[in-house]
Amino acid sequence: RNYQQDNIKYLSEWEQWKRTSSRSLKKVLNEVKELSSYLELWRHDIHSIEGKFGTGIQSYFSFLRFLVLLNFIIFILMFSFVTLPSIISKHGIFNSSLAKIPPKNIEPHCTVYKPSGNEGLVYFYTYLKDLLSGTGFLEVTSLFYGYYTIDAAWLSVLRYNLPLAYLLATFAYLALSLLWIIKRSVEGFKQNLVHDEDQFQSYCNKVFAGWDFCITDPNAARLKHRSLQYELQTDLEEERLKQKIADRTMKEKLRIYSLRIFINIIVIAVLSGCFYSIYRATVFSQENSNVSIRHDIRTDSIGAVQYLPSVVITLANFIAPQIFSFLITFEDYSPAFEIRLTLMRCVFVRLANIGVLLFSLWSQISYCATEECKACGYNYELYPCWESEVGQEMYKLMIFDFIIILAVTLFVDFPRKLLVTHCSCKPVQWCGLREFGISDNVLEIIYGQTICWIGTFFSPLLPAIATIKYFIIFYIKKISLIQTCKPAARPIRASSSNFFFLVVLLIGLVLAFIPLGISIAHIPSSKACGPFRSFNTSWAVVPHTILGFPTGLQQVLHGIASEAFAVPFFMVICLVMFYFIALAGAHKRVVEQLREQLVMVRFDPLFCTPKV
Amino acid sequence: AYKKFSELLPKEERENACSVRVPKSRILTLPELRANPFQHRICRVFSTSDDGDDSMSFEDFLDMLSVFSDSATSDVKSHYAFRIFDFDDDGTLDRKDLEKLVNCLTGQGEESQLSNVEMEQLIQNILEESDIDKDGTINLSEFQHVVSRSPDFARYRGLQR
């Protein structure tokens, strides 16, 4: 500091001012960064979890926080562009009004839709039933698609095209989710690549430089010991396995491959069993509730039947992973690959179950026997407002998922902990406390998020419910972790887990595109409710709007959408992709060469110097 | 640093802290050393006491802190790391030293030790990667060579102040 002060005397005033201002600017930036880190949600909680349970479990909670934020932003998006204008125009605030244009060229019977909003005297428990299944009084609120039966709205003097806004908001939230997930996974991907390449001196690196000298807490020290032990053991086992695989004879190889094919066939059989049972359950539940509607009976035993698809899905999601982890022991893969393959199969089961449910719903909705039905394009008798129906199914799935998570924590984890602490008989002690299964929990929340993505088109307020649900789940899981779980015997590395979670989330998002695409572009929108009454399909609002643009713009847009543009564009993208692949290949080769050079350097200088 | 050192002494001896030696048991209460599996070796290496009781004077304490600080060069750090890992003080890291090192890393207790087969395999791999003159031991220059190429070494040696 003295040296600096002496220096200052010799500098001109301009230099002095520059130096002091840059220093104060750096200070201000640092303080802003610190403040913004305080604003981060749950920063302290996640830090303490990391200290006690390791970085693998901490990555699960960071992932949960990311989903809360994502859902909140999606909710803000849908609310401000879709729900708020509808509410403003319906209630006439700010001198706004709305217009309901009855659709032309449509048979009148398609447009009949009378949702029962629970008028008159009703029992109290019907409110509870409605809350759990989205029917009754909930059906006419802004929660579901049927509320937005507005064809144009005037907010003060501006004309607000609600149908277009609804569709564009849907595309916007899908694009936003996609971009955000890709941005987060790119960071993890880079780390993964770098980490994988460092096989050079892995053992020496782990043994000589493995201990983190900054650890002061004995719990963290214990964790580090365990993770070091596990890493060393896994590496050694991988090496042994590689040796074993290389030593396999032809006969053994044949045996192993045929066994693997056989087990994959069993896996496919299990999957088909799940799908078929979900299909039957959905059809059964729909038929039962429709029978009661048709005969105008208000049955009181609806509860179980309404929830049957959700129950079957949850059972399938629970049983299938157990079967898969049992089967994979016969397939003789390396441990890391085993874990990945089981996870992939579980992911597929969970996401495909939602797909099958939607498919069976659609087959019910589009089933048309009579001429009148064909005129509408969908089953107008049973589903006058089919988007609301789909929205209700998604709502039921989400609520049921939440109830199951609550129930499992309350009725399985806590009693287990009480049993283990107070009862000292052998079988109970052998069961022990539950380990926090990261992959199971992650799959659970990804499943919930996929439901939210699909359901938001049919039920615009669903992201709000998802935000609240994940918010509560964070605290439930945290309490359950601290009170009832023992630290994992196999600590997992955080960087690879983060990337893996985001990849699976991306798969969920892509799988959510498919049902949404089919509903928007293929299935005729209901003529009795919703903003797309006057259009054939929901997508039809976009060409309709484009026709209203000035001719020049229309021609440009037509040009972009035509083949003359698409084919060259596709070819250019392929060329760019090939360029990047070639670049990556070249870099890899350079790295290999450098590595070989390093090995050479290892031996060269020491040959020349005398032995120490 | 002086404050930290004097806090380790009992109250009566604080005035002439510069000339007093602190016994090993008090040194081990430092937060940085408490959870460290190499605590005993660290005390042994930095202690200049003649009676072999591993007590440290203020100069020894300063030595230790300066080696672990961020401003020490990697040569100095690797030199001291070699001495810390050399459990039998014979100037080379042979199989027994490596075995003790790995056991320190994986933690105390029966279930956290590697099995004999695993230990053999691990030591074989380590010697393959770092023993250049193939004499079955790692001397100082081989150790410094292997550690200079290790990305984690520079990161992990810092002791917080």
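Just the residues that are surrounded by 24 or more Cβ atoms within 10 Å (Cβ to Cβ) and among the polar types (S, T, N, Q), please, taken from the range A:451-481. Passing the criteria: A:Thr456, A:Ser459. Of the candidates A:Val542, A:Val567, the single residue that is of a type in the set (A, V, I, L, M) and within 22 Å of A:Lys100 (Cβ to Cβ) is A:Val542. Would you be able to say whether some residue in the range B:30-37 is at pLDDT below 70 and within 14 Å of another protein chain (Cβ to nearest Cβ)? Yes. Restricting A:Leu35, A:Leu25 to residues that are of a type outside the set (Asp, Glu), modelled with pLDDT of 85 or more and in a helix (DSSP H, G or I) narrows the list to A:Leu25.
Candidates in the range B:73-86 are the residues that are among the aliphatic types (A, V, I, L, M) and in contact (Cβ under 8 Å) with a residue 12 or more places away in the chain; of these, the one that is farthest from the other protein chains (Cβ to nearest Cβ) is B:Ile84.
Residues in the range A:508-522 that are surrounded by 17 or more Cβ atoms within 10 Å (Cβ to Cβ) and of a type outside the set (A, V, I, L, M, F, W, C): A:Gly508, A:Pro515, A:Ser519.
Take the conditions (1) modelled with pLDDT of 80 or more; (2) within 19 Å of A:Gln392 (Cβ to Cβ); A:Thr299 misses just one of them, which is (1). Only a single item in (1) at pLDDT below 80; (2) assigned to a helix (DSSP H, G or I) is not met by A:Lys183, and it is number (1). Just one of the listed residues (B:Asp89, B:Asp97) is at pLDDT 75 or above, out of contact with any helix residue (DSSP H, G or I) (no Cβ under 6 Å at 6 or more places or on another chain) and within 12 Å of chain A (Cβ to nearest Cβ), namely B:Asp97. Considering A:Phe348, A:Phe284, which residue is assigned to a helix (DSSP H, G or I), farther than 22 Å from A:Gly448 by Cβ, at pLDDT 80 or above and not hydroxyl-bearing (Ser, Thr, Tyr)? After ruling out the rest, the residue left standing is A:Phe284. Just to be sure I understand, how many residues within the range A:225-238 are within 15 Å of B:Glu118 (Cα to Cα) and within 7 Å of chain B (Cβ to nearest Cβ)? The number of residues fulfilling the criteria is 5. Kindly indicate the residue of the range A:425-458 that is modelled with pLDDT under 85 and among the aliphatic types (A, V, I, L, M) and also nearest to A:Phe171 (Cα to Cα) among those meeting that condition. Among those that are modelled with pLDDT under 85 and among the aliphatic types (A, V, I, L, M), it is A:Ile438. Taking the criterion of being charged (D, E, K, R) and more than 9 Å from chain A (Cβ to nearest Cβ), the only residue of the range B:112-123 that qualifies is B:Glu120.
Return yes or no: is A:Tyr125 at pLDDT 75 or above, crowded, with 16+ Cβ neighbours inside 10 Å and of a type outside the set (A, V, I, L, M, F, W, C)? The answer is no for A:Tyr125. Considering only the range A:211-224, I want to know if a residue exists there that is at pLDDT 70 or above, more than 7 Å from chain B (Cβ to nearest Cβ) and within 20 Å of B:Ile126 (Cα to Cα). So far as the range A:211-224 goes, no, none of its residues is at pLDDT 70 or above, more than 7 Å from chain B (Cβ to nearest Cβ) and within 20 Å of B:Ile126 (Cα to Cα). Pairing residues of the range A:141-160 that are within 18 Å of A:Cys529 (Cα to Cα) and surrounded by 16 or more Cβ atoms within 10 Å (Cβ to Cβ) with residues that are among the acidic types (Asp, Glu) and at pLDDT 80 or above, at Cβ distances under 6 Å and at least 6 apart in sequence or on separate chains, gives A:Tyr145/A:Glu387. Among the residues examined, A:Thr170 does not qualify as within 20 Å of A:Ser388 (Cα to Cα), assigned to a loop (DSSP other than H, G, I, E, B) and either within 11 Å of chain B (Cβ to nearest Cβ) or modelled with pLDDT of 75 or more (or both).
Of the set (1) modelled with pLDDT under 85; (2) polar (S, T, N, Q); (3) surrounded by fewer than 11 Cβ atoms within 10 Å (Cβ to Cβ), all apply to A:Ser525 but (3). When A:Thr537 is tested against the conditions (1) of a type in the set (Val, Ile, Thr); (2) closer than 30 Å to A:Thr83 by Cα; (3) exposed (fewer than 10 other Cβ atoms within 10 Å of the Cβ), the lone failure is (3).
The values are calculated or read from the model by the stated rules, or taken from the named source; none is laboratory data. This is a predicted model, so every value here is computed, not measured. Reconstructed Cβ throughout: ideal geometry from the backbone, glycine too, with neighbour counts over all protein chains shown.
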